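Report on the structure given below.
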Amino acid sequence: MTHENNSRTAFARAAHHGPGKRRAVIGALTGLAVAATLTVTTVPALAGDRAPEAATTKQSARHHLSPLQVASAFYASYNGDLQAGFDRYISKDLVLHGFNGPEDRKDWIKGDLDIKEGLEGFKMTVLDQIVEGNRVVTRWSFEGVHKGTVFGIPASGRPVQLSGISIDRVIDGKSVEHWSEGNFGVFLDALRGITPPGSVKPDAA
């Protein structure tokens, strides 16, 4: 509205000052029109410039956790929601190398949930973690009091512990291959009352 009033005023003044003055006014008005056009066409260009930023934000949202972050979060889930830890960090297509050689993912989950439920005061402790490429080596130990049935072994009330070393190969935020080594036989003997409790403990140094 302001530009329209100014234009009319300019034309009125030009009528009193001859052709030269009118040409100057028309040139000025043409410049204003071109500037307005450039302003309009520049807005979409700026919006387009923001598109890569939005794409970058979406890519960041899809960014996976590092192998160390995955392994750390998974072993931390033993002291929380272990089932959720398996669902979130262990691939459905996992290649598993357990204490007794290749095993089934479902059996691993069931066995560890069984242990956690059967040991009162269950606690997992991560002693060391070492990263090499997409592999994470974790030295761990857990303990608790045998107050429930574990692997068919009835409660003994004995304090027990199991220590071991696991390797996880992590791809796209999940462990796709898992190896484990540990004193599992000693752990079972402790549950049965064959081995004195606490006879085997990991070196926390």
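Residues of the range 67-86 that are part of a helix (DSSP H, G or I) and within 20 Å of residue 143 (Cβ to Cβ): 72, 74, 75, 76, 77, 78, 79, 82, 85.
Each row is one residue, and each column tells you yes or no for (1) at negative phi; (2) among the hydrophobic types (A, V, I, L, M, F, W, C).
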position	(1), (2)
109	yes, yes
121	no, no
124	yes, yes
131	yes, yes
138	yes, no
146	yes, no
149	yes, no
158	yes, no
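Conditions (1) free of Cβ contacts under 8 Å to residues at least 40 places away in the same chain; (2) touching a Ser or Thr at 6+ places or on another chain (Cβ under 7 Å); (3) over 22 Å from residue 67 (Cα atoms), marked per residue:
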| residue | (1), (2), (3) |
| --- | --- |
| 160 | no, no, yes |
| 166 | yes, yes, no |
| 180 | no, yes, no |
| 187 | yes, no, yes |
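Of the numbered criteria (1) among the acidic types (Asp, Glu); (2) modelled with pLDDT under 95; (3) closer than 22 Å to residue 102 by Cβ, the one residue 177 fails is (2).
May I ask you to list the residues in the range 163-194 that are in a strand (DSSP E or B) and either of a type in the set (A, V, I, L, M) or not assigned by TED's automatic domain parsing to the domain that holds residue 127 (or both)? Across the range 163-194, the qualifying residues are 165, 167, 170, 171, 176. From the list 120, 132, 143, 181, the lone residue that is buried (at least 16 other Cβ atoms within 10 Å of the Cβ) and among the charged types (D, E, K, R) is 143. Looking across the range 144-158 at every residue that is assigned to a strand (DSSP E or B) and under 15 Å from residue 188 (Cβ atoms), the one that is farthest from the chain's Cα centre (by Cα) is identified as 153. No other residue among 107, 93, 87 is exposed (fewer than 10 other Cβ atoms within 10 Å of the Cβ), modelled with pLDDT of 80 or more and under 16 Å from residue 178 (Cα atoms) apart from 93. Considering (1) without any contact (Cβ under 8 Å) to a residue 40 or more places away in the chain; (2) in contact with a helix residue (DSSP H, G or I) (Cβ under 8 Å, 6 or more places away or on another chain); (3) of a type in the set (Asp, Glu), the lone condition that residue 117 does not fulfil carries the number (2).
The values are calculated or read from the model by the stated rules, or taken from the named source; none is laboratory data. Please read all numbers here as calculations on a predicted model, not as lab measurements. Note that each Cβ is placed from the backbone with ideal geometry, even for glycine, and that neighbours are counted across all protein chains shown.
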